[in-house]
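Take a look at the structure set out below.
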Amino acid sequence: MKVKQISSIFIIVLMLFIPCTIALSAGQQVVYAQSDIFSMDGEYNVSYSIGGQSGIGANMIAKYFDNNAIVEKIGNNYYASITQLSSSMQNLSLNLEDGKQVGYSITYSDANKKTYRFTLSKENLSKELPFSVFVAPRDETFYFTIRLNLANATRIGDIEDATTDRPAEFVPVISTTSGNEYETVQGSVFTIPEAKATLGEENCKVRILVYYLSGDKKIEVSVTNNQFALDEIGEYNVVYRAESSQYKSLLGNNTFTEKIIKILSLAEGGTLAKFEDPDGVLDKGVSIQASRLTEESTIYNTVAEQMKTIATNFEVFQTSLINTDGSKATPLGEYVLYIKAKSTYDRNDIVVYYMAENGSLIKISSENGGSYVKINTDKTGTFIVCIPGVDFVMPMWGYALIILGSLVLIAALTTSIVLIVKKHKKKVLQDNANS
């Protein structure tokens, strides 16, 4: 064998080995020593490392975050700003101390770039911070960690705005079964979904306000028995607000959280869902309210856990039939429900599930309804529209087997090269001796 051929084989061996080395190093965590460099107020530029993920996950998370943070010191208060570079990642969250949610604010640079500013104690600044983020294209929540490299922090200037209030270190978490947005018909009555809020072990009182948006104005709407009438066409906002005196904001106010759900009041009902009543199983004047649930809803998370073995691509819808007085209508038989799933879903491949009161999923029949999924049912509540099939995700032991297999292959190739070289040298010596 020629020397050039041997060199080519060796290069191939190296190309196989390099990805294995990268895969092994991706899961390593870097630990930095604590530092007391924040001796004066101001803004500091701080690099950080991302951990808690391995393989594809680590590369994806790191790709969509700026690798530098800005840490601000205002007296005994600290604020760490992390910039996210992709709109496909949503609901970045940081939870510490028995699941307490860290307070934060958001600023937007453009459609894709937004910065989360988290309120942290000096002690927590030096810890490995556990984050979660929802990745929309994969319809999955990823968990990872960030460790600030405080030893290399550099002061870059004074605080530009130290007089505007900032969130407290921890804030109440509001949970509700509702979606973030509803569609319904003008003139119907909307029943406000229940909500609860907690801050650690404290149950926080939730205050509710309703507004109608008229141009730039917010007009408060009266609420009676947890209901309000959608008299106008346009957008209504239901605002949940929870407060606690456990923690204080920068200006000494009680910590609080607000959650807003949007209700679109339309002249002829929404496009998200519609219904027909050919057999007269509903009273006259009944309208439909529909919402597409996201990971912020407790119901969505319950469904997502069960869908792990059924489908990667799914959507969760919540529908209610409402009487003219705002009470829920109960069908006396089957009616026809139309749900508008993603346009990318092939209507001929779609499978629909209904979530029963006990949380179990029941497969129900459906058919192609054009741009809608058509369902004959006597139910209201939670429907899941999916394309069956679960995407394959390489487990950690899979990466280990690949690396092990690559090392075995490298060893075999190396042995073969050595034997070939020895055989080649032996032949050259014999040829020289014979000549």
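Note on Asn45 and Asp277: their simple-model spin labels are 6.5 nm apart, each label 7 Å out from Cα toward Cβ. With R₀ set to 35 Å, the beta-carbon distance separating Ser327 from Ser87 gives a calculated FRET efficiency near 0.30.
Spacing of the modelled spin labels on Val408 and Asn368, each 7 Å from Cα toward Cβ, amounts to 4.7 nm. Across the range 90-150, the mean sequence separation of Cα contacts (distance under 8 Å, 6 or more residues apart), normalised by length, yields a relative contact order of 32 percent.
Amide H to amide H, with H built 1.01 Å from N, Val221 comes under 5 Å of Val210, Tyr211, Tyr212, counting only residues 5 or more places away or on other chains. Along the range 328-337 the Karplus relation, 6.51 cos²θ - 1.76 cosθ + 1.60 evaluated at θ = phi - 60°, assigns HN-Hα couplings of 6, 8, 10, x, 8, x, 7, 10, 9, 10 Hz to successive residues, with x for each Gly and Pro. Within the assembled protein chains, the solvent-accessible surface assigned to Asp283 is about 110 Å², based on a 1.4 Å probe. Using the average count of surrounding beta-carbon atoms within 10 Å as a protection proxy, the listed peptides 290-297, 158-165, 118-125, 197-204 rank, highest first, as 290-297, 118-125, 197-204, 158-165.
Ranking Leu332, Leu419, Leu230 from most to least accessible surface, computed with a 1.4 Å probe over the protein chains only, gives Leu332, Leu419, Leu230.
Working note: Karplus 6.51/-1.76/1.60 with θ = phi - 60° gives the range 223-230 the couplings 10, 10, 6, 6, 9, 8, 8, 8 Hz, where Gly and Pro are set to x.
In the assembled protein chains, Lys340 presents an accessible area of approximately 80 Å² (probe radius 1.4 Å). For the range 188-281, just say rounded, prolate or oblate: build the C-alpha gyration tensor, square-root its eigenvalues into a ≥ b ≥ c, call rounded for a/c under 1.5, and beyond that prolate if a/b exceeds b/c, oblate if not. Taking the square roots of the gyration eigenvalues as a ≥ b ≥ c, the range 188-281 is prolate. If R0 equals 51 Å, the separation of the Cβ atoms of Lys218 and Val418 corresponds to a calculated FRET efficiency of about 0.05.
Note on Asp378 and Ser245: the extension gain reaches 43.2 nm, defined as 0.36 nm multiplied by sequence separation minus the Cα-Cα distance. Please go through the residue pairs Lys284/Lys328; Lys262/Lys374; Lys205/Lys248; Lys262/Lys340; Lys73/Lys248; Lys205/Lys259 and name each one whose alpha carbons sit more than 21 Å apart in this structure. Lys262/Lys374, as the Cα separations exceed 21 Å there.
The charge dipole of the range 171-262, taken about its Cα centre with unit charges on the Cβ atoms of Lys, Arg (+1), Asp and Glu (-1) only, comes to about 300 debye. Where the centre of each part is set by its Cα atoms, how far does the range 131-161 sit from the range 267-307, in angstrom? Answer, in whole Å: 37. Each residue of the range 356-369 was assigned a 3J(HN,Hα) from its phi angle through the Karplus expression (A = 6.51, B = -1.76, C = 1.60, θ = phi - 60°), giving 6, 4, 7, x, 7, 9, 10, 6, 10, 6, 8, 8, 5, x Hz with x at Gly and Pro. For the range 40-169, what does the relative contact order come out to in percent, with C-alpha contacts under 8 Å and a separation of six or more? It comes to 33 percent, rounded to a whole number.
Exposure check, 1.4 Å probe, all protein chains in place: Arg117 carries approximately 60 Å² of accessible surface. Can you flag which of Lys100/Lys127; Lys113/Lys196; Lys63/Lys122; Lys113/Lys342 are past 20 Å Cα-Cα? Over 20 Å apart, Cα to Cα: Lys113/Lys196; Lys63/Lys122; Lys113/Lys342. Computed on the range 213-294, with alpha-carbon pairs under 8 angstrom and 6+ residues apart, the relative contact order is 23 percent. Shape analysis of the range 90-138 places it in the oblate category; the axes a ≥ b ≥ c from the Cα gyration tensor give an a/c of at least 1.5, with a/b not above b/c.
The values are calculated or read from the model by the stated rules, or taken from the named source; none is laboratory data. Bear in mind that the values here come from a model prediction, so they are computed numbers and not experimental data. Counting neighbours? That spans all protein chains shown, and the Cβs are built from the backbone with ideal geometry, glycine included. We work out accessible area using only protein heavy atoms, side chains counted, and drop any ligands, DNA or RNA first. Shrake-Rupley method; radii C 1.70, N 1.55, O 1.52, S 1.80 Å.
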